[in-house]
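Asker: Mind having a look at this structure? Questions to follow.
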Amino acid sequence: MMLDSRAADLDREERPEVLSLLPSYEGKSVLELGAGIGRFTGELAKTAGHVLALDFVESAIKKNESINGHHKNTSFMCANVTSPNLMIEANSIDLIFSNWLLMYLSDQEVEQLVERMVKWLKVGGYIFFRNLASINLEM
């Protein structure tokens, strides 16, 4: 399959482009929702003051921690973003970052998540979501 054989090449091209779209997060607190195995975690940790990498797949977050745990400014949480009991302090996050998460949530889950994200953000903070979308051009 082409994607499998070219995945590393595609990632090398895509990751810098995605990161270039972010506002400055140097020295800031970053919440990475749907962090997975850490495709972006290590890059975020190089500049951020603190990164909280969150994913609901235990094996993925453990892999992320094994890859990026050497970053002393990074912590890892295995939790579901849809849980109303996430232990994230209000007004504590400068940037909420997520890549390819919303497509897995229902409309209601997205609405509830956005309400909580706004509470987590510091004044002047940012939310960055990148998602896969398809458009049906047939009418």
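Asker: On the basis of being surrounded by 19 or more Cβ atoms within 10 Å (Cβ to Cβ) and of a type outside the set (Ser, Thr, Tyr), does Gly49 make the cut?
Answerer: no
Asker: Return the residue satisfying two criteria in turn: it lies in segment 87-100 and is aliphatic (A, V, I, L, M) and crowded, with 21+ Cβ neighbours inside 10 Å, and of such residues it is nearest to the chain's Cα centre (by Cα).
Answerer: It comes out as Ile96.
Asker: Just to be sure, is Arg39 assigned to a helix (DSSP H, G or I), at pLDDT below 95 and within 15 Å of the chain's Cα centre (by Cα)?
Answerer: The answer is no for Arg39.
Asker: Only residues in segment 43-55 that are closer than 13 Å to Glu26 by Cβ count as the first member; pair them with residues that are at pLDDT 95 or above and among the charged types (D, E, K, R), Cβ under 7 angstrom, at least 6 apart or cross-chain, and list the lot.
Answerer: Leu44/Glu32; Thr47/Glu26; Ala48/Lys28; Gly49/Lys28; Val51/Glu32
The values are calculated or read from the model by the stated rules, or taken from the named source; none is laboratory data. Keep in mind it's a predicted model, so treat the numbers as computed, not measured. Cβ: placed from backbone, ideal geometry, glycine included. Neighbour counts: every protein chain shown.
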